[in-house]
Amino acid sequence: MRVFAIIFVVLVLYSANGHAQNCKTADATSAAMISQLNEMMTGDSTIRVNLQLPVTNSSQIVFVSTDSVCLRARQALDSLTHATNPSSPSTIPARALYVISVGGYVAVADPTDGASGWLPMYIFDPLWSFLQSLIGWD
Amino acid sequence: MQRCDRTDLADQAGSGTTHSRKRSSGIYVHIAGDPGSTASLNNFPYETWVSVSVTGDIVFTSEMPAPGVGANYQFPGRAVGPTGIYDSRNDTPWALNLSVMGAIWNNGNFGLCGGTAHVDTALISGGLVTVRRGQMLFQYSYDCDPRGFMTCHTIPSGQSQTINLKAIPVSLKASSDVRAVNFATTTTDIRFKAFPSPATLFVENGTRDVKLTTTFWQWIGADLTRAQVSQGTCAYPSGPATSRTCLFHPLESGRMVVKAYLGGYEQASSVSVQCLMPLTDPYLNDSTNDFQFRTTLLDALAMSNPDSAPGLGATAQHAGFRHEESGIIWHLPDNTYTFTHTIDSAATECHSNALAERAPGATYPPQPVPGAYPVSIYHTHPEKPGDPVYGCSGIDPNHPMWSQYPGDSLPVQHAGNFSKAGGGSGAHLFPADTTGDWPIVEKYATSMYVIQKDGTVWRLDPGLGFPKKNNPNHWSAFGTGYDGNHPAGKCTWAKPYKA
């Protein structure tokens, strides 16, 4: 019993420091992301054209729950933060992200983020280079 | 004492020197001191109520009286004002006074002869109205010269008085007997009315009508088609009347513009007839104040420069031409509403603050009038989906910063489809953050209106559940922004009229 309790505490701590929580679970926000992406990526949407993104089949717009992918998304997002925000700390706190695979591209949203009240949706290319960001979809 | 208001004075020597120019305080005319001088008043094309006042005096000289001269000889010389001087030896017993001549009606000129001058109120029209100086003092040489050769009274040359002519302020108003029509399904005859405010003046113990002369009727449809209306009851110029009506049959929402001459110049006024919006809304559907909130929103959107290119004019020091605008709806003590526009110097394409003008520590900016309280706020979203959006700001050091102006090397935000967010920002952030539209709605427990570049108008209500994209409170002010199958069409909001 004592061993079981120790294992439980270790798992909780592991979870709390983010190692196992790089992906947000699917909810209304992820549904909104997918809805916006479906609307803008599958046709001649003004948004897609302005953002210079390729048309994508809706079957390729998929919610991601693979932790390693979400971790990579967080690293890419933190890298963008370090590149643009001189006030950013050297180590940005871990947090879970919404990640959607869009064909070869990746859309990411950080629920702790805000741009004048809007929740940005970041679009990265297959090599995790930042491409565009979108507000006003949630 | 006599009133110096006889206008049949005999012509006497002398001529007037007049010139006039318009000033904000009225029209000034100078009249020479010579008896019989005249000064033309402004040539109002239609009858106009005016006030006429005079400043300054003129001086006459008087020779020493000869021995035995009677007490009626005016000595010594002195200054006289616009009411002149009582002179019992003249056939008409006054001299050098000023009179308004040719008026349709006037109020006893400038007062009792030789008495304290007052302001005359007159109804005048045309170019033949003048102010005339009265006759000279009775001249009898033996009054001052036993030989009978001298001139006893003279008016030194170069003197004048200033006449100030002011049209009495009267405003043109417009109304209609029907204020709301559902033009999507029906049309109807509408009787428009132009009338003065005030309708009457109280002058010399009597009520006098104010009249107007209409010079223009024009229906401006919501699609900006213009129909100059000049038939039947709408014919113009109409000739003076206490009010004029124009019967018209519009086929879509719009605004009737009327111009009329009153109060000294041609004025314009307008009244709109529009569709009521579905989903009863107290401000958008307030026809009793000519849908002023719709006008406020359209004005705010226009001031946002939505047609300007994103980022144009934006620098490190300047937010650029395109930017959000915002303001407050106030409830007034008489149960009406007024709308104030907020000057937010920090506003960008991405944000504005309707409460920016509040003092430190205050919840709201100062009331527009005592007893008013805020009931709602509004702002604009001047971009369309896909537009770059400059000027967004992050909320903490753990996230990227966004481009404030082109060339600052920061990544540029882009606008999504705001319908997905129910028209407002920040749905996901409440209550962790209070900077977004939805969090502010909850924080202040008040509704918020947003007008988008595509003509969609949203009302964000507190307590609305998630997802916000289901927000039912949206309308089309113009265009087909929200739903191409339901364009604003014949119910497009009437544009504000700019004279």
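Looking only at residues of region B:439-475 that are out of contact with any strand residue (DSSP E or B) (no Cβ under 8 Å at 6 or more places or on another chain) and among the small types (G, A, S), we find that the one that is nearest to the other protein chains (Cβ to nearest Cβ) is B:G465.
Only residues that are more than 7 Å from chain A (Cβ to nearest Cβ), in contact with a Gly (Cβ under 7 Å, 6 or more places away or on another chain) and more than 30 Å from B:P333 (Cβ to Cβ) were counted across region B:375-393, and they come to 2.
Hey, can you tell me all the residues within region B:324-337 that are touching a residue at least 12 places away in the same chain (Cβ under 8 Å) and either buried (at least 17 other Cβ atoms within 10 Å of the Cβ) or over 28 Å from B:T456 (Cβ atoms) (or both)? Break it down stepwise before answering.
In the first step, residues of region B:324-337 are kept if they are touching a residue at least 12 places away in the same chain (Cβ under 8 Å); the result is B:324-333, B:336-337.
The answer is B:E324, B:E325, B:S326, B:G327, B:I328, B:I329, B:W330, B:L332, B:P333, B:Y337.
Selection of strands (runs of 3 or more DSSP E) fully inside region B:232-276 by the criterion of at least 3 residues being surrounded by fewer than 22 Cβ atoms within 10 Å (Cβ to Cβ) and touching a Gly at 6+ places or on another chain (Cβ under 6 Å) returns nothing.
Please state which one of B:G407, B:G386, B:G371 is free of Cβ contacts under 8 Å to residues at least 40 places away in the same chain and within 25 Å of A:M40 (Cβ to Cβ).
Values: B:G407 fails: within 25 Å of A:M40 (Cβ to Cβ); B:G371 fails: within 25 Å of A:M40 (Cβ to Cβ).
Residue meeting the stated conditions: B:G386.
Please find, within region B:394-404, the residue that is farthest from B:A316 (Cα to Cα) out of those that are surrounded by 20 or more Cβ atoms within 10 Å (Cβ to Cβ) and more than 7 Å from chain A (Cβ to nearest Cβ). The selected residue is B:S403. Residue-level check: of (1) at the interface with chain B (Cβ under 8 Å from one of its Cβ atoms); (2) touching a helix residue (DSSP H, G or I) at 6+ places or on another chain (Cβ under 8 Å); (3) exposed (fewer than 15 other Cβ atoms within 10 Å of the Cβ), A:V55 misses just (1). When B:A347 is tested against the conditions (1) crowded, with 16+ Cβ neighbours inside 10 Å; (2) at the interface with chain A (Cβ under 8 Å from one of its Cβ atoms), the lone failure is (2). Selection over region A:72-111 of residues that are more than 7 Å from chain B (Cβ to nearest Cβ), of a type in the set (S, T, Y) and under 20 Å from B:C392 (Cα atoms) gives a count of 1.
Considering only region B:235-246, state which residues are touching a residue at least 24 places away in the same chain (Cβ under 8 Å) and within 19 Å of B:V271 (Cβ to Cβ).
We begin by selecting, within region B:235-246, every residue touching a residue at least 24 places away in the same chain (Cβ under 8 Å); these are B:237-246.
Within region B:235-246, B:S238, B:A241, B:T242, B:S243, B:R244, B:T245, B:C246 meet the criteria.
Between B:G134, B:G148, the distinction of being surrounded by 15 or more Cβ atoms within 10 Å (Cβ to Cβ) and out of contact with any Lys or Arg (no Cβ under 6 Å at 6 or more places or on another chain) belongs to B:G134 only. Of the residues making up region B:422-438, at least one is facing chain A (nearest Cβ under 9 Å), in a helix (DSSP H, G or I) and surrounded by 20 or more Cβ atoms within 10 Å (Cβ to Cβ). Only residues that are crowded, with 21+ Cβ neighbours inside 10 Å and facing chain B (nearest Cβ under 7 Å) were counted in region A:28-49, giving 3.
In region A:31-52, of all residues being touching a residue at least 60 places away in the same chain (Cβ under 8 Å) and within 14 Å of the chain's Cα centre (by Cα), the one that is nearest to A:F63 (Cα to Cα) corresponds to A:I34. Among the conditions (1) modelled with pLDDT under 95; (2) crowded, with 18+ Cβ neighbours inside 10 Å, B:G463 misses just one, which is (2).
The values are calculated or read from the model by the stated rules, or taken from the named source; none is laboratory data. Fair warning: this is a prediction, and the values are worked out from it, not measured in the lab. Glycine gets a Cβ as well: all are built from the backbone with ideal geometry, and neighbour counts include every protein chain shown.
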